[in-house]
Amino acid sequence: MTTTAPFLPWNRPSLGSEEEAEVIDTLRSGWLTHGPKATRFEEAVRTDLGVEDAFAVSSCTAALHLALLTVGIKPGDEVITPSLTFCATPNAILQSGGTPVFTEVDPITFNIDPKAVEQAITPKTRAIVVMHYGGHPCDLLAFRKIADDHGLVLIEDAAHALQAWRDGLRAGSVGDLAVFSFYANKVMTTGEGGMIVGRAELVQRARLLGRHGIDTSVWQRHGKRRTADYEVTVPGLKYTMPDITAAVGIQQFQKLPEFTARRSLIAASYDRSLAGLPGLRLPTVLDGVRHGWFLYPVLIEPVGGRTRDTVANLLLDAYGIGTSVHFKPVHRLAAYRYLKCHLPVTEQVAARQLSLPCYPAMTSTDVQRVIDALHAIWS
Ligand SMILES: Cc1ncc(COP(=O)(O)O)c(C=O)c1O
């Protein structure tokens with residue numbers, strides 16, 4: 001069967017007149033770069049998460065790079081992280097001079113496994129970068145304890161988990177630093193954008209490094225009573241989020257609880273309607289977790305000629321439904337193959353995983369269309 005229905009993408013952002021009005025206000029204000037809107041956005045995220053400080057940047061990748069530079073990662077330092085993640089983290093580790101050490105994930109949540117991390121610690125280990133896969137937080141308490149016991153820095157890559165909890169703790173509030181992504185497909189978006197949050201003295205250093213190493217912001221220097229004089233105290237980079245972008249972020253962040261609620265409802269519909277299809281494993285939510293549902297990740301066992309790839313191709317070609325894969329394991333990518341890792345759980349998950357469409361812009365009809373298509377493929 002080939003569908004005549006319009007293409008249903010894997011993801012589409014939800015933007016409205018509120019974002020448009022806030023951007024127009026910024027464009028007319030005369031101040032376009034990191035200034036009052038970025039400060040408002042940072043303050044909103046900071047208070048909501050209950051963290052000491054927040055700095056809005058140009059991407060989560062920039063936030064990761066700043067986090068690693070801030071805690072002083074240097075050549076010879078090892079940084080433990082999963083391979084089942086986006087290349088941004090290991091790329092940032094290498095760009096900071098460190099060495100990524102890929103460890104195994106838990107086969108249920110696909111999150112980095114605390115036991116594997118403990119086994120990977122060596123005298124050269126300086127930091128652990130955990131990632132909350134798809135919006136299901138890692139074992140935050142376990143990782144905090146491991147970091148404290150071994151004197152390591154804990155960084156949370158919370159790109160998928162701006163609104164998720166585990167054991168009463170908010171993802172992004174436990175690490176020494178945590179980073180978020182506002183890339184176009186994330187739970188809220190600014191197109192491109194990110195934020196680094198955490199302990200005040202660390203975020204303050206990240207802020208300095210992220211604006212060339214200059215000791216005052218341009219917005220501060222713009223003030224009438226300030227002098228235009230400034231000092232460069234460390235050689236930094238330019239990673240600040242412009243106010244045009246922050247304007248979108250302010251409005252998206254206000255809508256986030258509503259977005260997360262809609263994502264949870266879609267996940268619940270999939271849970272109910274797809275349960276029992278042989279060889280299709282639906283996501284497990286552990287006790288004590290409030291999932292952020294950035295992804296709805298299923299595993300497809302390769303049985304009787306049906307594989308993850310045949311299902312993805314059929315959904316696209318016959319039913320006009322987009323899907324995605326999270327992720328190609330980083331240790332299998334050309335730039336990383338030299339590391340020669342043995343990660344059988346990661347490889348098993350990566351070969352079977354498929355992300356179904358799950359986002360607030362989907363209508364109930366869209367959700368039903370995905371469910372019907374999967375039932376048809378399985379019939
Ligand atoms: C887990 C994870 N970390 C980091 C990033 C990088 O985010 P950005 O595109 O904002 O740099 C992504 C992007 O998809 C991601 O999935």
By counting other Cβ atoms within 10 Å of each Cβ, how are Arg332, Arg369 ranked from fewest to most? Arg332, Arg369
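Based on the alpha-carbon gyration tensor of region 140-188 and its eigenvalue square roots a ≥ b ≥ c, which shape applies: rounded if a/c is under 1.5, prolate if not and a/b is larger than b/c, or oblate? Present the calculation step by step, with values, prior to reporting the outcome.
Numbers: a/c = 3.84, a/b = 1.86, b/c = 2.06.
Oblate.
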Give the order of Asp53, Asp287 when sorted by the count of other beta carbons within 10 angstrom, beginning with the fewest. Asp287, Asp53
Neighbour-count ranking [beta-carbon atoms within 10 angstrom, fewest first] of Ile321, Ile196, Ile24: Ile24, Ile321, Ile196
Provide the gained length on full extension for the span Gln204 to Ala351, in nm with one decimal, where the gain is 0.36 nm per separating residue minus the Cα-Cα distance. 48.8 nm
If amide hydrogens are placed 1.01 Å from N in the peptide plane, which non-local residues have theirs closer than 5 Å to the one on Cys358? none
Restricting to region 115-222, compute how many DSSP beta bridges are antiparallel as a %, nearest 5. 45 percent
Through the Karplus equation 6.51 cos²θ - 1.76 cosθ + 1.60, θ set to phi - 60°, convert the phi angles of region 351-365 into ³J(HN,Hα) values in whole Hz; use x for Gly and Pro. 6, 10, 7, 9, 9, 7, x, 7, 7, x, 6, 6, 8, 4, 5
Would you calculate the separation in nanometres between label points at Leu316 and Lys124, each defined as 7 Å from the Cα along the Cα-to-beta-carbon direction? 3.9 nm
Using a Gaussian network model on the chain with a 10 Å cutoff between Cα atoms, which of Ile214, Ile250, Ile112 fluctuates the most? Ile214
So for region 59-134, using the alpha carbon gyration tensor with a ≥ b ≥ c as root eigenvalues (a/c under 1.5 gives rounded; past that, a/b versus b/c decides prolate or oblate), I'd call it oblate
Given labels modelled 7 Å from the Cα in the Cβ direction, how far is it in nm from Asp271 to Ser379? 2.7 nm
In degrees between 0 and 90, to the nearest 10, how far off the longest principal axis of the chain does helix 140-150 point, with axes built from Cα atoms? 50 degrees
Calculate, in nm to one decimal, what Asp149 and Leu237 gain on full extension: separation in residues at 0.36 nm each, minus their alpha carbon distance. 28.4 nm
Note on the chain: alpha-carbon gyration tensor, axes a ≥ b ≥ c; rule is a/c under 1.5 for rounded, else prolate if a/b larger than b/c, else oblate; result oblate
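Please report the antiparallel percentage of the DSSP beta bridges confined to the chain, to the nearest 5. If you can, show how the numbers build up before the last one.
Numbers: 26 of 44 bridges.
So the antiparallel bridges in the chain amount to around 60 percent.
Using the beta-carbon distance between Ala228 and Leu27 and R0 = 35 Å, what value does 1/(1 + (r/R0)^6) give for FRET efficiency, to the nearest 0.05? Could the numbers behind the result be given before it?
Working: r = 25 Å, r/R0 = 0.70.
With R0 = 35 Å, the Cβ-Cβ based efficiency is 0.90.
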Electrostatic dipole magnitude of region 301-379 [Cβ: Lys, Arg +1; Asp, Glu -1; Cα centre; debye, to 20]: 400 debye
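Values quoted throughout were computed directly from the atomic coordinates according to the rules given, and no laboratory measurement underlies them. Predicted model, so just to flag it, every value in this text is computed and none were measured. Cβ atoms come from the backbone with ideal geometry, glycine included; neighbour counts cover every protein chain shown.
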